[in-house]
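Asks: Please read through the structure below; I'll follow up with questions.
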Amino acid sequence: MHFTDEPLQTILPILASQLKQTDSVSFTVLNPDLFDNTYAGTVATIEGTTYLYRSLRAWMELAELLGCRMRVPEKAGDTLLHITYKKLEKKQSFHSAKTKKADEKYGSDSIFAKIHKMEEPTFFYYYRQALENVDITQRKHILDLGVNRGDEFEVIERMAGKDVFSQMELAGIDHSQSALTEAKEHFKANNNVRFYAHDINDLDALNLGRFDLLISIGTLQSPGINYKTLLMDLVQNHLSENAALILGFPNGRWIGGELVYGAKVPHYAMSEMGLVLSDIIFAKKYLQQKKFRVTVTGKQYLFVTATKIGVDRE
């Protein structure tokens, strides 16, 4: 296939129809590297042929919307680019994976264990930004709910430096024993990092005291957790007066090796953001009532970052 001046309204259904019949589809388009500072839909005439310009990012985003990954494009002559879309393997998704033990869905032998969130730019960038916003080097007592193998702690260690990190007290809680085994092995030389296999609905039983930073990425929305009740209990009973929070809300899915934008909820064929927005709005309003300054950032994961108003951290 060769696309020139066809609008996206024409191109999208053509590609969608092809992908219903085959696992991949290829086509040629105008090479976007021929132009700078040009917006999608700009008309360009080259050697008597009229094209509509689209950036490489636009073609990559279209691939994602069609449930595909885009192969590395190849030049086709001086003005064209050859693009191939390949369907993502939906079976390769931990969201639908079956496990013998429910508490090992995120364990060391699961599909989830193959995921490295911190190597996804849109996850790492906003998580790092959140750590900067809470002034991570000044935090001394940190609690991570849903810590898994400890990726969030590893980033903190690198940002703070080993000397500052060694002065912190960190506690991570998860229900996966195998993931915690990996975490303990990684931090075995750090006496200041503790891990607990425990139900986060019953934190009182651990008697951990209060923390000045709470981190929870994609955990408070898990089945079996009363999100609103737990969030209020955490703020009131487990955080210090000048504490901060970093809460991550999934707005994407991991499919076939890709982090795909869009929250998926039951009974919807499409992604639907109503539930995640409802949870974020509740957190924002509640934390503001408790005199926190709250920001919401992110893309495939949305980060609610909250710091106390008027606190001078020396």
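Values quoted throughout were computed directly from the atomic coordinates according to the rules given, and no laboratory measurement underlies them. In this text, all values refer to a predicted model and were calculated from it rather than measured experimentally. Ideal geometry is used to build each Cβ from the backbone, glycine not excepted, and the neighbour counts take in all protein chains shown.
Asks: With a ≥ b ≥ c the root eigenvalues of the C-alpha gyration tensor of the stretch 107-244, is it rounded (a/c under 1.5), prolate (a/b larger than b/c) or oblate? It would help to have the intermediate numbers written out before the result.
Replies: Working: a/c = 1.27, a/b = 1.04, b/c = 1.23.
Here the stretch 107-244 falls in the rounded category.
Asks: I would also like to ask the following. Restricting attention to the stretch 179-281, which trypsin sites (Lys or Arg not before Pro) occupy a DSSP loop and are surrounded by at most 15 other Cβ atoms within 10 Å? Working shown, then result.
Replies: Values: sites: K184, K188, R194, R210, K228, R253, K264; in loops: K188, R210.
Passing sites in the stretch 179-281 are K188, R210.
Asks: Name the long-range amide H neighbours of R293: under 5 Å, sequence gap of 5 or more, or other chain; modelled H, no Pro or chain starts.
Replies: Here T307, K308, I309 satisfy the definition.
Asks: For F195, which sequence-distant residues (separation of 5 or more, or a different chain) have an amide H within less than 5 Å of its own amide H, given hydrogens modelled in the peptide plane?
Replies: Here G172 satisfy the definition.
Asks: Then there is this: FRET efficiency for Q138 and E61, Cβ-Cβ distance as r, R0 = 41 Å, nearest 0.05? Don't jump to the answer; show the numbers that get you there.
Replies: On the way: r = 38 Å, r/R0 = 0.94.
With R0 = 41 Å, the Cβ-Cβ based efficiency is 0.60.
Asks: Mind checking the full-extension length gain between D23 and T10? Use 0.36 nm per residue of separation minus the Cα-Cα distance, one decimal, nm.
Replies: That pair, D23 and T10, stretches by 2.6 nm at full extension.
Asks: What angle do you read, to the nearest 10 degrees and between 0 and 90, between the alpha-carbon axis of helix 227-237 and the longest principal axis of the chain?
Replies: Here the helix axis deviates by roughly 40 degrees.
Asks: Only counting other Cβ atoms within 10 Å, I'd like E61, E104 sorted with the fewest neighbours first. Mind dumping the intermediate values first?
Replies: Working: E61 14, E104 18.
The most exposed by this proxy come first: E61, E104.
Asks: Taking neighbour Cβ counts within 10 Å as the exposure measure, how do M168, M232 sort from fewest upward? Can you show the working numbers first?
Replies: Numbers: M168 21, M232 14.
The most exposed by this proxy come first: M232, M168.
Asks: Here's a follow-up. Take D135, D151, D144 and order them by how many other Cβ atoms sit within 10 Å, fewest up front.
Replies: Details: D135 13, D151 21, D144 27.
Fewest-to-most ranking of D135, D151, D144: D135, D151, D144.
Asks: Under the rule of at least 5 residues apart or a separate chain, name every residue whose amide H is placed under 5 Å from the amide H of I255.
Replies: V260
Asks: Within straight cross-link reach of K91, meaning Cα distance under 28 Å, which lysines are found once same-chain residues fewer than 8 apart are removed?
Replies: Reachable lysines: K20, K100, K101, K105, K114, K117, K264, K299.
Asks: Roughly what % of DSSP beta bridges within the chain run antiparallel, to the nearest 5? Intermediate results must be reported in sequence, preceding the final value.
Replies: Working: 35 of 56 bridges.
Antiparallel bridges make up about 60 percent of those DSSP assigns within the chain.
Asks: Which loop trypsin sites (Lys or Arg not before Pro) in the stretch 1-100, with loop taken from DSSP, have no more than 10 other Cβ atoms within 10 angstrom of their Cβ? Walk me through the numbers on the way to the answer.
Replies: On the way: sites: K20, R54, R57, R69, R71, K75, K86, K87, K90, K91, K98, K100; in loops: R54, R71, K90, K91, K98, K100.
Listed in order of number, the matching sites are K91, K98, K100.
Asks: Continuing with this model, one more query. Calculate one ³J(HN,Hα) per residue across the stretch 141-155 by plugging θ = phi - 60° into the Karplus curve 6.51 cos²θ - 1.76 cosθ + 1.60, and present them in order as whole Hz with x for glycine and proline.
Replies: Working through the residues one at a time gives 10, 10, 10, 10, 9, x, 6, 6, 8, x, 4, 5, 5, 4, 5 Hz.
Asks: Can you list which of the chymotrypsin sites (Phe, Trp or Tyr not before Pro) found in the stretch 4-84 are DSSP loop residues with at most 11 other C-beta atoms within 10 Å? Could you put the intermediate results ahead of the total?
Replies: Values: sites: F27, F35, Y39, Y51, Y53, W59; in loops: F35, Y39, Y53.
Hits after loop and neighbour filter: Y39.
Asks: Something else: Cα centroids of the stretch 206-248 and the stretch 16-43: how far apart, whole angstrom?
Replies: Between the Cα centre of the stretch 206-248 and that of the stretch 16-43, the gap is 45 Å.
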